[in-house]
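Read the figures in this text as sums done on the coordinates, not as results from a lab. In this text, all values refer to a predicted model and were calculated from it rather than measured experimentally. In this analysis, Cβ positions are derived from the backbone assuming ideal geometry, glycine residues included, and neighbour counts consider all displayed protein chains.
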């Protein structure tokens with residue numbers, strides 16, 4: 001597999017992960033992530049969370065997810081052997097219950113590691129960027 005195709009695969013896996021989040025697809029999300037996933041994100045209020053249980057809470061919410069779509073903008077990929085780091089701006093477009101279109105952005109860095117020939121999401125860091133309406 002060429003360097004270019006590995007980078008394209010990681011971008012596609014990253015988009016698949018964001019699509020699973022946007023669609024509330026826990027099964028797909030948990031397939032893409034290591035059970036020991038670690039993360040820093042605004043919802044964890046300064047605490048590093050480990051494992052998937054923290055994230056599952058958001059997928060199992062009784063409130064239906066808003067209609068939203070995430071786009072990866074300006075990705076930067078660093079290939080470090082069996083590990084790939086991808087950093088980008090995540091642009092989120094939401095259609096509110098009142099029909100209003102809302103956009104917000106986050107700075108995200110996601111780390112993928114190849115385990116037994118399969119790329120697995122093992123860590124991420126997400127920070128609010130610019131105007132945040134979520």
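Observations on the structure shown:
- Estimated 222 nm signal from helices in the chain, with DSSP H stretches of n ≥ 4 weighted -39500 (n - 2.57), rounded to 500: -8000 deg cm²/dmol
- GNM flexibility winner over the chain from 67, 12, 100 (Cα, springs under 10 Å): 100
- Judged by the gyration tensor of its Cα atoms, with axes a ≥ b ≥ c, the stretch 1-41 is prolate; a/c meets the 1.5 cut and a/b is the larger of a/b and b/c.
- If R0 is 35 Å, the Cβ-Cβ spacing of residue 76 and residue 56 corresponds to a FRET efficiency of close to 0.75.
- Our summary gives the stretch 1-123 a relative contact order of 23 percent, counting only alpha carbon pairs under 8 angstrom and 6 or more residues apart.
- Among 81, 51, 24: highest mean-square fluctuation, GNM of the chain, C-alpha pairs under 10 Å: 81
- Gyration tensor (alpha-carbon) shape descriptor, the stretch 71-134, a/c threshold 1.5: prolate
- Helix 3-23 axis versus longest C-alpha principal axis of the chain: approximately 30°, rounded to the nearest ten.
- In nm, spacing of pseudo-spin labels at residue 19 and residue 36 (7 Å Cα→C-beta vector): 3.0
- GNM result for the chain, Cα springs below 10 Å: residue of 79, 121, 101 fluctuating most strongly: 101
- One quarter of the surface of the convex hull around the alpha-carbon atoms of the chain equals 8.5 nm², the direction-averaged projected area.
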